[in-house]
Amino acid sequence: MALSRNQKYGLGAAVALTGAYFLARKDDSVSREPLTFEKGGKTYFGSSPSMIGLNAQPGTSGFHPSGATFSTWAQVAGDQAARVIKIAPTRSEFAEASSVPQEWIRVPAQGRPYSGIPYSGDYDPSLPILRLSDKTETQVLSAVLSAIYAMRSAMTGTSPPAEPLVITSGAPAPGVPPEIAIAEYEFEGEDPRP
């Protein structure tokens, strides 16, 4: 069933508000930088070599059709695990750059909502990385989607179209609505990545 234009805008607004809620919530378990360890000459995310699993590579990664990439990572601080997120615009946004590195979404400073959003013009890399503890996959991907909408809006001055994330690291977890994320093999649009 196809959604009307107004329904898509309404859905996009709802996703953005949900994500903004999760991004704005205060989390006492924030950290300045993710914990890392060295093994075999490589740097892994996490607090111990026994945590290589999800910490050695993104848990979920992909892109948004408006021109952004993302990845989610597991992070352990003390005995509490959380998900942390990186996003970036695609290379086409910066003609002089051969690639655009993903940056951590951070806890926004009071009164500066874009200070936690990479490539927004107000991004502050000294802020604590946003840690999403005890969140479902849908909630984490909603936070990714909201941050990408905020980044693209700040960069272009207009809201990006309400479209789902495209997962390139497999398929979305069971229960993730198709309005939030779809598998790459279900995507029929133009790939914005270089």
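The values are calculated or read from the model by the stated rules, or taken from the named source; none is laboratory data. Everything numeric in this text was worked out from a predicted model, so none of it was measured. Cβ atoms come from the backbone with ideal geometry, glycine included; neighbour counts cover every protein chain shown.
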Quick check on the stretch 136-163: of everything there that is assigned to a loop (DSSP other than H, G, I, E, B) and free of Cβ contacts under 8 Å to residues at least 60 places away in the same chain, which residue is surrounded by the most Cβ atoms within 10 Å (Cβ to Cβ)? THR136
Any residue that is under 15 Å from the mean Cα position of the chain (by Cα), assigned to a helix (DSSP H, G or I), among the acidic types (Asp, Glu) and at pLDDT below 95 - is there at least one of those in the stretch 176-193? no
Report yes if some residue within the stretch 89-99 is closer than 26 Å to ALA171 by Cα and either at pLDDT 95 or above or of a type in the set (A, V, I, L, M, F, W, C) (or both); otherwise report no. no
Let me confirm something: among SER126, SER99, SER159, SER142, which residue is polar (S, T, N, Q) and within 15 Å of the chain's Cα centre (by Cα)? SER142
Between ASP124, ASP134, which is acidic (Asp, Glu) and at pLDDT below 90? ASP134
Residues satisfying the stated conditions in the stretch 105-120, i.e. of a type in the set (Gly, Ala, Ser), out of contact with any helix residue (DSSP H, G or I) (no Cβ under 6 Å at 6 or more places or on another chain) and not in a helix (DSSP H, G or I): GLY111
Residue satisfying condition, being in contact with a helix residue (DSSP H, G or I) (Cβ under 7 Å, 6 or more places away or on another chain), of a type in the set (A, V, I, L, M) and surrounded by 15 or more Cβ atoms within 10 Å (Cβ to Cβ), within set ILE167, ILE182: ILE167
